[in-house]
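None of the figures in this text is laboratory data; all of them are computed from the coordinates on show. In this text the structure is predicted, and so the values were computed from the model without any measurement. Positions of Cβ are backbone-derived with ideal geometry, glycine not excepted, and every protein chain shown enters the neighbour counts.
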Amino acid sequence: MQCPFCGQDNDRVVDSRSSEGGKVVRRRRQCEACHRRFTTYERPESTVRLTVIKKDGSRQPYDRQKVITALERACYKRPITDRQIRSIVEAVEESVFQNWEKDVPSSFIGDTVGGCLQEVDKIAYMRFASVYRAFADVGELIEEAQEVKDRPVVGSDQKALFDDT
Ligand SMILES: [Zn+2]
């Protein structure tokens with residue numbers, strides 16, 4: 001598994017356990033290069049059966065590819081690997097499964113993706129936010145950019161998704 005922090009593909013599993021009645025396997029991994037820890041979740045694809053409720057109330061099946069596409073657009077030409085994108089998608093899905101049973105508001109997915117992205121790359125986050133948050137004017141966008149710039153990376157809640165050592 002490629003390290004989401006330094007990109008090296010050299011890790012060891014330090015802990016492994018199943019949750020949700022065995023549907024998900026959670027593994028704590030430690031990168032041998034930078035020694036940071038990260039978590040991976042493995043689940044069969046078929047268990048991802050969620051309905052997304054959009055702002056206008058319409059419903060559609062959860063589509064992992066849509067999340068990946070949104071992330072890839074936000075990360076275009078940024079130093080973010082496919083593996084990192086996949087780690088974000090997995091963290092988002094894990095959070096969704098922990099908080100919602102079958103229906104999830106699209107805003108929850110958007111907020112969670114934004115939170116993860118902020119920890120990985122602030123420019124990618126701003127791109128994502130400028131599409132997803134639909135700022136009323138450029139002033140709001142600048143305010144958000146300022147806040148993100150000043151926000152410390154270490155110690156925020158979302159950080160725990162990638163590194164809870
Ligand atoms: Zn590493």
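Brief remarks follow.
- The Cys residues in the chain with no partner Cys Cβ within less than 4.7 Å of their Cβ are Cys75, Cys116.
- In straight-distance terms, cross-link reach from Lys122 covers every one of the lysines whose alpha-carbon lies under 16 Å from its own, apart from those fewer than eight places away in the same chain; here that gives Lys77, Lys149, Lys159.
- Peptide packing for 79-89, 32-42 was compared via the average number of neighbouring C-beta atoms within 10 Å per residue; ordered from the highest value, the list is 79-89, 32-42.
- Given R0 = 35 Å, the distance between the Cβ atoms of Ser18 and Ala136 translates into a calculated FRET efficiency of 0.20.
- Fraction of antiparallel bridges per DSSP, the chain only, in percent to nearest 5: 85
- When the P(r) of the chain is calculated, the portion above 22 Å amounts to 46% of the C-alpha pairs.
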